[in-house]
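Participant: Pasting a structure below so you can have a look.
The values are calculated or read from the model by the stated rules, or taken from the named source; none is laboratory data. Keep in mind that this is a model prediction, so the values were computed, not measured. Methodologically, a virtual Cβ is constructed for each residue, glycine included, from the backbone with ideal geometry; neighbour enumeration extends over all protein chains shown.
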Amino acid sequence: MNSFINLLLLLVSVPTLLVSVFVGFDLPIDFLHITASELQFTNEIYLVLGLLLLIIGLRRTVRRWMGVSMVKQQDKFVWNEPISATRKNRVIVYNSLEALVFLSLLVAHLLLTTASFFVVFVYFVLLLDSIVFVLVNQNQFRVGLSSKAILVADREIILIYLNGLRKVSVSQQTIYFDYIEDLQLTFPLDCIQESQKAAFFGALEAQKQIEFLQNIGQILSIESDYYKLKELHPEYATGINFGLQYNPNQQIQFDLSFFRNDVENLIDTRLVAYHKSGAQIFSYLNLKNAYTQGIESQMSVKITPQFAVSAGYQYLLTADKDQVKEIEAGRVYTIDASGFARRMELSEYVGLPNRSKHMANFKLSYENENYFTNLRVIYRSKWAVNDKDGNGLYNTNDGFANAFAQINIAAGKQFNKQFRAQIGCDNIGNYIDMANLPNLAGRTFYTTLSYQFNQKNKK
């Protein structure tokens, strides 16, 4: 954008300067058969030329100030970082040269003729804008990647839309964007910091893939967490775990533990879109401040030397600390049963998605020298999966996966020290939830045969 605008400024500045040269030195204008002092409408000519310069300059000024303002809104981008130091230094140098050119033209017109007063005023405005723009915004120059486009905002405004994008390639510090209609746009790679290039291309690929699926009609819906995707940072955690163990005798053991983990930049898996087939599309994002805390218990009882029973239970609480603060401040709203917005209560907050508050397991087992059998039950309570009310967090009014219990059974025989056979059935109840548990197969029967080769020690 800036190159084109500068070209227009040059095309207007050259004839404007020639007019001042002719007027200032009172040179003859051969095709009019007069001298410059005899030229009528001199003031009007300067007015027209000055207005052209002003309109072109103001268009550039408005666009680049708006560009910087837009890219500073980091929450509207999936990836947003300052431009590289190399690019920033070059921007400052180019803008300084630009200001010097405006100053030179201002002085030249002022010295040549007082009739160019309006043109001098316009160049002063452009000079002032160049200086102020860099002084105010030099630490605000950034590159942003949204779900729709890439935006570079420094002295230039570079806008690359993702719609229709077919291929992205890199050559000699330039990123080439090839579109379906044989259109090709370019993007300077040196805008991006070296340490951020991998994150940028990763975010770009995610956006491109979902945009592609949208264009061919394969995306059923986009979830709110899609717009929160940003560059991933490593997570740091501080954890506390306090445990107790009780053994009244050799047959009974009871374990109880309390835990608390405070995590900075928690890397969390989030649902970002639904495929037309119903399949879920997940990605990763950081939570600035989060915690997980709860209780874990486990009890095992050996009723006889062959027969044993065990059971376990976990109670889990999770939260995004920043979201809790927003709720407590009364800045979070949800939808009531009538469809009207209302302030959300902290008691309605369910914490982080994809985590069940209650989980339990139970196991019965029998084993002797030749036979073994066991029955296992795994229970998981409901968990949040999508933000239905669109308030950016998960509460009791959102979508949940159903609680379920999975029952597995197995039996086998040990024929000798080497040979073992087993049959079993997992998920006897045939519980299936393809949307929320795509990896959980339905009722599954299996059999296994194993033989262990023992190598005798050589004496």
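Participant: In the set Leu204, Leu185, which member is of a type in the set (A, V, I, L, M), modelled with pLDDT of 70 or more, under 20 Å from Ile83 (Cβ atoms) and assigned to a helix (DSSP H, G or I)? I'd like the intermediate steps shown before the answer.
Facilitator: Numbers: Leu185 fails: assigned to a helix (DSSP H, G or I).
Testing whether each residue is of a type in the set (A, V, I, L, M), modelled with pLDDT of 70 or more, under 20 Å from Ile83 (Cβ atoms) and assigned to a helix (DSSP H, G or I) leaves just Leu204.
For (1) closer than 30 Å to Phe25 by Cβ; (2) buried (at least 19 other Cβ atoms within 10 Å of the Cβ), each residue gets a yes or a no:
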position	(1), (2)
Val91	no, yes
Ser96	no, no
Phe102	yes, yes
Phe121	yes, no
Leu128	yes, no
Ile131	no, no
Asn139	no, no
Ser171	no, no
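Participant: On to the next question. Looking only at the stretch 423-436, count how many residues are of a type in the set (A, V, I, L, M, F, W, C) and at pLDDT below 85. Reasoning before the result, please.
Facilitator: Residues of the stretch 423-436 of a type in the set (A, V, I, L, M, F, W, C): 423, 425, 428, 432, 434-435.
Filter once more, keeping what is at pLDDT below 85: 434-435.
Of the residues in that region, 2 qualify.
Participant: Just to be sure I understand, how many residues within the stretch 322-342 are hydroxyl-bearing (Ser, Thr, Tyr) and in contact with a strand residue (DSSP E or B) (Cβ under 9 Å, 6 or more places away or on another chain)?
Facilitator: 2
Participant: Report yes if Ala149 is in contact with a Leu (Cβ under 7 Å, 6 or more places away or on another chain), at pLDDT below 70 and surrounded by 12 or more Cβ atoms within 10 Å (Cβ to Cβ), otherwise no.
Facilitator: Details: in contact with a Leu (Cβ under 7 Å, 6 or more places away or on another chain): yes; at pLDDT below 70: no; surrounded by 12 or more Cβ atoms within 10 Å (Cβ to Cβ): yes.
Answer is no for this residue.
Participant: Just for strands (runs of 3 or more DSSP E) wholly inside the stretch 259-374: which have at least 3 residues that are of a type in the set (S, T, N, Q) and more than 30 Å from Gln422 (Cα to Cα)?
Facilitator: Details: elements: 280-302, 307-320, 333-335, 341-343, 358-367.
Strands (runs of 3 or more DSSP E) meeting the threshold: 280-302.
A quick yes/no check of all residues on (1) over 21 Å from Asp190 (Cβ atoms); (2) modelled with pLDDT under 90; (3) surrounded by fewer than 18 Cβ atoms within 10 Å (Cβ to Cβ):
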residue: Glu38; (1), (2), (3): yes, yes, yes
residue: Thr42; (1), (2), (3): yes, yes, yes
residue: Val48; (1), (2), (3): yes, no, yes
residue: Met70; (1), (2), (3): yes, yes, yes
residue: Val78; (1), (2), (3): yes, yes, no
residue: Thr86; (1), (2), (3): no, yes, yes
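Participant: Ok, one more. Return the pair list, or none, for Cβ contacts closer than 7 Å from residues in the stretch 317-343 that are under 24 Å from Asn286 (Cα atoms) to residues that are surrounded by 11 or more Cβ atoms within 10 Å (Cβ to Cβ) and among the β-branched types (Val, Ile, Thr), at least 6 apart or on different chains.
Facilitator: Thr318/Thr292; Glu326/Val332
Participant: Could you list, ordered by first residue, the pairs with Cβ atoms under 6 Å in which the first is in the stretch 399-415 and at positive phi and the second is among the basic types (Lys, Arg) and crowded, with 17+ Cβ neighbours inside 10 Å, at least 6 apart or interchain?
Facilitator: Short answer, once both residue conditions are applied: none.
Participant: Among the listed residues Gln293, Gln306, Gln323, Gln314, which satisfies the condition of being touching a Phe, Trp or Tyr at 6+ places or on another chain (Cβ under 9 Å) and within 30 Å of Asn374 (Cα to Cα)?
Facilitator: Details: Gln293 fails: within 30 Å of Asn374 (Cα to Cα); Gln323 fails: within 30 Å of Asn374 (Cα to Cα); Gln314 fails: touching a Phe, Trp or Tyr at 6+ places or on another chain (Cβ under 9 Å).
Going through Gln293, Gln306, Gln323, Gln314 in turn, the sole match is Gln306.
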